[in-house]
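The values are calculated or read from the model by the stated rules, or taken from the named source; none is laboratory data. Quick caveat: nothing in here was measured; it's all calculated off a predicted structure. A quick note on method: Cβ atoms are made from the backbone with ideal geometry, for glycine too, and the neighbour counts reach across all protein chains shown.
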Amino acid sequence: MNVPTATETPRMPQAPRHAPPAGACDSHAHVFGPYARFPLAHAPSYAPPLAPAALHRGMLDILGAARGVLVQPAPYGHDASALLDALVQSGGRLRGVAVADATASEAQLRALFDGGVRGLRFVEMRAPDGTPYAGSVGIDQLLAMAPALRRVGLHAQLWAPVDDYPRLLPQLRAAGVAVVLDHMACLKPERGLADPAFQAVLAALRAGDAWVKLTLCRVSQQAPAYPDLRPFHDALLQANPARLLWGSDWPYVRMGERSPDAGALLDLFHDWVPDAALRRRILVDNPAALYGFPATEEPA
């Protein structure tokens, strides 16, 4: 078990200029620690932050987000203790995406669901040295687990290179499991909108075969305004706004001084999605549908 001796302090946001709608959800964040209670299962490939559940809830409070989704970081491996504890502390405010492989029994998957987990994360991205992230589970395991995921009611969240999706998405559609693509499907801005891999993602989105998380900071170096991503963001909105989710990606592991301000990201989303009903769909209605949050009344 790994207890870091030094940790990064996460960047906390400034309050956004535009308050999000009631019931808004930050659909992608992580918790780490406290490490004396929740040590890492694997040595991380980055300096792990100290981002416990209470700090995460404070970040949501600053954003004005009523809800959030926590995603299991790879260094915790299959040990969901920190995530499940955060879900309990939240009193129903949070849902989770955990990590498990095909050795997990259906009873174990149901226990995760009962604890507030609504998906499992599968990773094809690689660490800087080209090896799989320690503690991550590949998509080959997802295909083996698909029947159990369907029975339990868990979706699959994928973090993979965009070039993998033309091959993977048809397989996953056949598997019959709801699929969520991390970080704008890890598109390549320099390739432009006509990139066949991005077009495959758009086609799956139009067909309702995939959800996409609008987390900007992992796919662009042009912070804080991310102008290179605006055409792709617009294309995703046009393809199927009913399958989009917004996420901050707090606490920004492996980003250091490049870490964005989550409040500024939320304001950028407001600017890029000027229609209030569409913002509500992405921030409130879509995550409520996918993660099983209670419905929120429309404002009068």
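Among the conditions (1) surrounded by 20 or more Cβ atoms within 10 Å (Cβ to Cβ); (2) not in a loop (DSSP other than H, G, I, E, B), PRO16 misses just one, which is (2). Give segment 80-123 a look and list any residue that's crowded, with 19+ Cβ neighbours inside 10 Å and assigned to a loop (DSSP other than H, G, I, E, B), or say none. Answer for segment 80-123, where residues must be crowded, with 19+ Cβ neighbours inside 10 Å and assigned to a loop (DSSP other than H, G, I, E, B): ALA80, VAL99, ALA100, ALA104, GLY116.
Of all residue pairs spaced 6 or more apart or on separate chains, those with beta-carbon atoms under 9 Å, a first member in segment 26-52 that is under 8 Å from THR7 (Cβ atoms) and of a type in the set (Ser, Thr, Tyr) and a second member that is buried (at least 18 other Cβ atoms within 10 Å of the Cβ) and modelled with pLDDT under 95 are TYR35/PRO4; TYR35/PRO48. Here is the figure for segment 186-214: residues that are more than 23 Å from PHE269 (Cβ to Cβ) and in contact (Cβ under 8 Å) with a residue 40 or more places away in the chain total 1. Among the residues of segment 143-183, those identified as among the aliphatic types (A, V, I, L, M) and in contact with a strand residue (DSSP E or B) (Cβ under 6 Å, 6 or more places away or on another chain) are LEU154, ALA156, LEU158, LEU172, VAL177, ALA178, VAL179, VAL180, LEU181. Only one of the listed residues (ALA203, ALA197, ALA207, ALA276) is touching a Phe, Trp or Tyr at 6+ places or on another chain (Cβ under 7 Å) and not charged (D, E, K, R). That residue is ALA197. Looking only at segment 229-267, residues that are among the basic types (Lys, Arg) and either touching a strand residue (DSSP E or B) at 6+ places or on another chain (Cβ under 8 Å) or at pLDDT 95 or above (or both) come to 2 in all.
Of the residues making up segment 181-238, those that are under 19 Å from the mean Cα position of the chain (by Cα) and among the basic types (Lys, Arg) are LYS188, LYS213, ARG218. All of LEU40, LEU63, LEU55 fail the test of being crowded, with 18+ Cβ neighbours inside 10 Å and touching a strand residue (DSSP E or B) at 6+ places or on another chain (Cβ under 6 Å), apart from LEU40. Being at pLDDT 95 or above and closer than 29 Å to PRO147 by Cβ is a property that GLN108 has.
Screening SER259, SER220 for residues that are in contact with an Asp or Glu (Cβ under 8 Å, 6 or more places away or on another chain) and either buried (at least 16 other Cβ atoms within 10 Å of the Cβ) or within 30 Å of SER45 (Cβ to Cβ) (or both) leaves exactly one candidate, SER220. When VAL253, VAL273 are checked against the criterion of being touching a residue at least 12 places away in the same chain (Cβ under 8 Å) and more than 19 Å from the chain's Cα centre (by Cα), VAL273 stands alone in meeting it.
Residue-by-condition table, conditions (1) within 20 Å of the chain's Cα centre (by Cα); (2) under 25 Å from HIS78 (Cβ atoms):
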| residue | (1), (2) |
| --- | --- |
| PRO10 | yes, yes |
| ALA19 | no, no |
| ALA29 | yes, yes |
| GLY33 | yes, yes |
| HIS42 | no, yes |
| LEU55 | yes, yes |
| GLY64 | yes, no |
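Inspect segment 257-280 for any residue being out of contact with any Lys or Arg (no Cβ under 8 Å at 6 or more places or on another chain) and of a type in the set (Val, Ile, Thr) and give the result as yes or no. Within segment 257-280, not a single residue is out of contact with any Lys or Arg (no Cβ under 8 Å at 6 or more places or on another chain) and of a type in the set (Val, Ile, Thr). Within segment 156-203, if we keep just the residues that are polar (S, T, N, Q) and under 22 Å from PRO132 (Cα atoms), the residue that is surrounded by the fewest Cβ atoms within 10 Å (Cβ to Cβ) turns out to be GLN171. State whether the residues of segment 181-189 include one that is at pLDDT 95 or above and over 22 Å from ARG126 (Cβ atoms). Checked against the condition, which is being at pLDDT 95 or above and over 22 Å from ARG126 (Cβ atoms), segment 181-189 yields no hits at all.
Candidates are the residues of segment 270-300 that are crowded, with 20+ Cβ neighbours inside 10 Å and in contact with a Pro (Cβ under 9 Å, 6 or more places away or on another chain); the one that is farthest from PRO231 (Cα to Cα) is PHE293.
Within segment 136-150, the set of residues being farther than 14 Å from ALA178 by Cα and over 17 Å from the mean Cα position of the chain (by Cα) comprises ASP140, GLN141, ALA144.
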